[in-house]
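Working notes, beginning with the structure itself.
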Amino acid sequence: MYQPRTYRHWVKDKDLVAFNVTVKETDLYIRTQSDLKSQARKLVLKYRKILEEYIERHPSFLTSLEPVAVADDAPPLVAGMAEAASKTGVGPMAAVAGAIAEAVGSELLAFSPEVIVENGGDIYLKSLSKRLIGIYAGKSPLTGRVGLEIKGEDTPLGVCTSSGTVGHSLSYGQADAVIVLSQSTALADAAATAIGNRIRQPKDISGGIEFAQSIKGLKGVIIIHGEQVGVWGEVKLGEMAVEA
């Protein structure tokens, strides 16, 4: 049975302080060099307020399953989500978890040179050393067997996951996991959803890879459906052993 948030402990590190920040639907698992829970909570409240106030004035931003145009004076958080949606062909809220993770994480860098923010399977990562991120792919036999190696010099980086078989997020596909890497965590989040929507069976993996290659700004992608795996871009997989 799927156990929510077990994957949160699959970024291998013993040198950082871990804490949770939860505000309404936003549930962050954060690791930094010191306890920055108070600062992180203030940032979550700040960015949630920005988004909630914008949605109140523009309700379609919340409900649309297609890209939505925003005004030039839209808040950077909103503009970033809209841009990610435009590049991938999904609704802007498909980028919300990644956008919030990056907004909070990038500001926490003022207090800690290393920051990892996980938001529902979407990760913003700034590290000074190599990290191994465990891959959770539901009932796929690859769950807990392989990890994604991230070099410190390649961060800050967004690593976002979408699944058609795990969790409650909307997906039209049946991929066990689509993991996307991008310098923009919002784009990685939206792209993971868009690619995942196209994967209904293993033979769709190659088409998903081709689609990923067409999205400007992606660094790499991993698509898992059962025992089948497709990989493209700047991706290095490593073995790991964690309890699923």
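Here are the numbers for the structure shown:
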| item | result |
| --- | --- |
| The range 169-191, residues that are within 14 Å of the chain's Cα centre (by Cα), without any contact (Cβ under 8 Å) to a residue 40 or more places away in the chain and surrounded by 18 or more Cβ atoms within 10 Å (Cβ to Cβ) | S182 |
| Hits in the range 110-149 - residues which are of a type in the set (S, T, N, Q) and over 13 Å from D15 (Cα atoms) | N119, S140, T143 |
| The listed residue being among the polar types (S, T, N, Q) and closer than 17 Å to Y47 by Cα, out of S106, S112, S127 | S106 |
| Only listed residue being closer than 25 Å to E239 by Cβ and either surrounded by fewer than 16 Cβ atoms within 10 Å (Cβ to Cβ) or touching a helix residue (DSSP H, G or I) at 6+ places or on another chain (Cβ under 9 Å) (or both), chosen from G105, G152 | G152 |
| Listing of helices (runs of 4 or more DSSP H) fully contained in the range 1-104 that carry 1 or more residues being farther than 15 Å from C160 by Cβ, modelled with pLDDT of 95 or more and of a type in the set (K, R) | 37-57 |
| Selection within the range 206-222 - farther than 18 Å from G98 by Cβ and crowded, with 23+ Cβ neighbours inside 10 Å | G208 |
| Single unsatisfied condition, D122 versus (1) acidic (D, E); (2) without any contact (Cβ under 8 Å) to a residue 12 or more places away in the chain; (3) within 26 Å of T32 (Cβ to Cβ) | (2) |
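Okay, residues lined up against (1) in contact (Cβ under 8 Å) with a residue 40 or more places away in the chain; (2) over 21 Å from the mean Cα position of the chain (by Cα):
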site: T32; (1), (2): yes, no
site: D35; (1), (2): no, yes
site: E52; (1), (2): no, no
site: F61; (1), (2): no, no
site: P67; (1), (2): no, no
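The values are calculated or read from the model by the stated rules, or taken from the named source; none is laboratory data. Just so it is clear, the model here is predicted, and its values are computed rather than measured. Neighbour counts run over all protein chains shown; Cβ positions are idealised from the backbone, glycine included.
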